[in-house]
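What follows is a set of notes on a single structure, which appears directly below.
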Amino acid sequence: MIRRVQTGAYATPADHPVLQALILRPYPAVMGVLNVTPDSFSDGGQFLAPERALAQARRMVAEGADIIDIGAESTRPYGGAQPVSADEELERLRPILADIVSSAFPSPSTA
């Protein structure tokens, strides 16, 4: 069951057309992971620069990603992750999030 999730000023409505399209497809969605952390264990922090992050997001979409999970805090599964504040995560996301959404996933009217 999908429900409305409220996070700060943002809500994810269960009836959003993009979400509904993903849920109703007869095949699984593909998710790409974009890490924007300086200590990323998987990519070594190579997508910190906004233009590199945007290029990588576009590449993932071109290669079939339906969803992009943008990580702004390292979890380092092998130890050594340094927790960051919500403000720091937002500072890492602010320079890229709007551009990734509008560029990598254009609205149907601009596609």
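Here, each number is a calculation from the coordinates, and none is a lab measurement. The shown structure was predicted, so the numbers you read here are calculated from the model rather than taken from an experiment. When we count neighbours, we look across all protein chains shown, and the Cβ atoms used for this are built from the backbone with ideal geometry, even at glycine.
Stretched out fully, how many nm does the piece from Val18 to Asp39 gain, at 0.36 nm a residue minus the Cα gap?
Details: separation 21, 0.36 × 21 = 7.56 nm, distance 3.20 nm.
This chain segment gains 4.4 nm when fully extended.
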(request) Once you have the Cα-Cα distance between Asp69 and Ala98, take 0.36 nm times their residue separation minus that, and quote the gain in nm to one decimal. (result) 9.0 nm
(request) Compare the peptides 90-103, 21-34 by average per-residue count of other Cβ atoms within 10 angstrom and give them in order, highest first. (result) 90-103, 21-34
(request) Mind grabbing the base-10 log of I(q)/I(0) for the stretch 58-102 at q = 0.16 Å⁻¹? Debye formula, identical points on the C-alpha positions, no solvent, two decimal places. (result) -0.57
(message) I need two numbers for the stretch 26-73: Rg to one decimal and Dmax as a whole number, Cα atoms only, in Å.
(response) 11.2, 37
(message) At R0 = 25 Å, how high is the FRET efficiency between Glu89 and Tyr27 if r is their beta carbon distance? Nearest 0.05 is fine.
(response) 0.20
